[in-house]
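K.L.:
Once you've had a glance at the structure underneath, I'll fire off some questions.
The values are calculated or read from the model by the stated rules, or taken from the named source; none is laboratory data. Keep in mind the model is a prediction, meaning the values are calculated, not measured. Quick reminder, even Gly has a Cβ in these numbers, built from the backbone with ideal geometry, and neighbours come from all protein chains shown.
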Amino acid sequence: SQQGEEDPQALSIQEGENATMNCSYKTSINNLQWYRQNSGRGLVHLILIRSNEREKHSGRLRVTLDTSKKSSSLLITASRAADTASYFCATAGVGDYKLSFGAGTTVTVRA
Amino acid sequence: KAGVTQTPRYLIKTRGQQVTLSCSPISGHRSVSWYQQTPGQGLQFLFEYFSETQRNKGNFPGRFSGRQFSNSRSEMNVSTLELGDSALYLCASSLSAGTGDEKLFFGSGTQLSVL
């Protein structure tokens, strides 16, 4: 079963707007990761946030983590057409040695 | 440094056949993980290998198997193919054992179609 679940399933925004997606997970984690996948290709790692961190930035990406609510959010600011992709959160439970991925959020950025 | 290489990129098989997929990790990476991706089920973990040993296994039937060689290259095999095995099979490598604390580097995948 999947550890993380993303919300919404799909998102359509205008270029220049911000995109926000959420991830909820079930068990305690050491860290949470976000990946991007362009259509039919492999996943690319975006950012890793540890359980003792609340917020992390990388370029136009901002990730938050709320361990009390078992949730994370990914914000993409000033979106571009190249941001069109599916975004996945991934977690490994404490003592678990594999990454489990959510079903993903498909983001479409309209020109 | 070359990325993760998966071959073949596309594969068409018929029910009942078997298939072998190959994955070459990034040089120096010793852990290789395999995932199955389908539109309905998302990414499902198949197995993970580290130093030629299977460290983790997902909930897949015994028809799905894999191995890792001394050079860290990995293969996965699916026997007696079923229509439901049609999927994108993704391989990912990382430096050490898949503790979940490391980022994974993915290949472009092998798109398997079972007719």
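K.L.:
Looking at the stretch A:1-23, which of the residues that are in a strand (DSSP E or B), at pLDDT 95 or above and over 16 Å from A:Ala85 (Cβ atoms) is farthest from the other protein chains (Cβ to nearest Cβ)?
P.N.:
Filtering first and then ranking leaves A:Gln14.
K.L.:
Could you run through the stretch B:45-60 and say how many residues are within 21 Å of A:Glu5 (Cα to Cα) and within 8 Å of chain A (Cβ to nearest Cβ)?
P.N.:
Within the stretch B:45-60, residues that are within 21 Å of A:Glu5 (Cα to Cα) and within 8 Å of chain A (Cβ to nearest Cβ) number 2.
K.L.:
Turning to a different aspect of this structure: Can you find a residue that is in contact with an Asp or Glu (Cβ under 8 Å, 6 or more places away or on another chain), part of a loop (DSSP other than H, G, I, E, B) and either over 23 Å from B:Pro39 (Cβ atoms) or away from chain B (no Cβ under 14 Å) (or both) anywhere in the stretch A:61-73? Break it down into steps so the answer makes sense when it comes.
P.N.:
In the first step, residues of the stretch A:61-73 are kept if they are in contact with an Asp or Glu (Cβ under 8 Å, 6 or more places away or on another chain); the result is A:62-65, A:72.
If we keep only those that are part of a loop (DSSP other than H, G, I, E, B) too, we end up with none.
Checked the stretch A:61-73: no residue is in contact with an Asp or Glu (Cβ under 8 Å, 6 or more places away or on another chain), part of a loop (DSSP other than H, G, I, E, B) and either over 23 Å from B:Pro39 (Cβ atoms) or away from chain B (no Cβ under 14 Å) (or both).
K.L.:
All but one of (1) in contact with a strand residue (DSSP E or B) (Cβ under 6 Å, 6 or more places away or on another chain); (2) on the phi > 0 side of the Ramachandran plot; (3) buried (at least 18 other Cβ atoms within 10 Å of the Cβ); (4) not aliphatic (A, V, I, L, M) hold for B:Ser74; which doesn't?
P.N.:
(2) is the only condition that B:Ser74 fails.
K.L.:
Being in a loop (DSSP other than H, G, I, E, B) and more than 11 Å from chain B (Cβ to nearest Cβ) is the filter here, so list the residues in the stretch A:74-111 that pass it.
P.N.:
Listed by number, the residues that qualify are A:Thr77, A:Ala78, A:Ser79, A:Arg80, A:Thr84, A:Ala111.
K.L.:
Related question: Among the numbered criteria (1) in a loop (DSSP other than H, G, I, E, B); (2) of a type outside the set (Val, Ile, Thr); (3) facing another protein chain (nearest Cβ under 8 Å), which single criterion is violated by B:His29?
P.N.:
Of everything listed in (1) in a loop (DSSP other than H, G, I, E, B); (2) of a type outside the set (Val, Ile, Thr); (3) facing another protein chain (nearest Cβ under 8 Å), B:His29 misses just condition (3).
K.L.:
Looking for whichever is within 13 Å of another protein chain (Cβ to nearest Cβ) and farther than 24 Å from A:Glu5 by Cβ here; the options are B:Gly66, B:Gly3. Which one fits?
P.N.:
Numbers: B:Gly66 fails: within 13 Å of another protein chain (Cβ to nearest Cβ).
None of the other options fit; the residue is B:Gly3.
K.L.:
Which ones in the stretch B:4-26 are part of a loop (DSSP other than H, G, I, E, B) and either surrounded by 15 or more Cβ atoms within 10 Å (Cβ to Cβ) or acidic (Asp, Glu) (or both)?
P.N.:
B:Val4, B:Pro25, B:Ile26
K.L.:
Working only within the stretch A:22-45, note down all residues that are in contact (Cβ under 8 Å) with a residue 40 or more places away in the chain, touching a strand residue (DSSP E or B) at 6+ places or on another chain (Cβ under 7 Å) and within 30 Å of B:Ser113 (Cβ to Cβ). Please lay out each step first, then the result.
P.N.:
Restricting attention to the stretch A:22-45, the residues satisfying the condition of being in contact (Cβ under 8 Å) with a residue 40 or more places away in the chain are A:22-39, A:43.
Okay, now just the ones that are also touching a strand residue (DSSP E or B) at 6+ places or on another chain (Cβ under 7 Å), so A:22-25, A:27-38, A:43.
Once the filter is applied, which keeps residues that are in contact (Cβ under 8 Å) with a residue 40 or more places away in the chain, touching a strand residue (DSSP E or B) at 6+ places or on another chain (Cβ under 7 Å) and within 30 Å of B:Ser113 (Cβ to Cβ), the stretch A:22-45 yields A:Gln33, A:Trp34, A:Tyr35, A:Arg36, A:Gln37, A:Asn38, A:Leu43.
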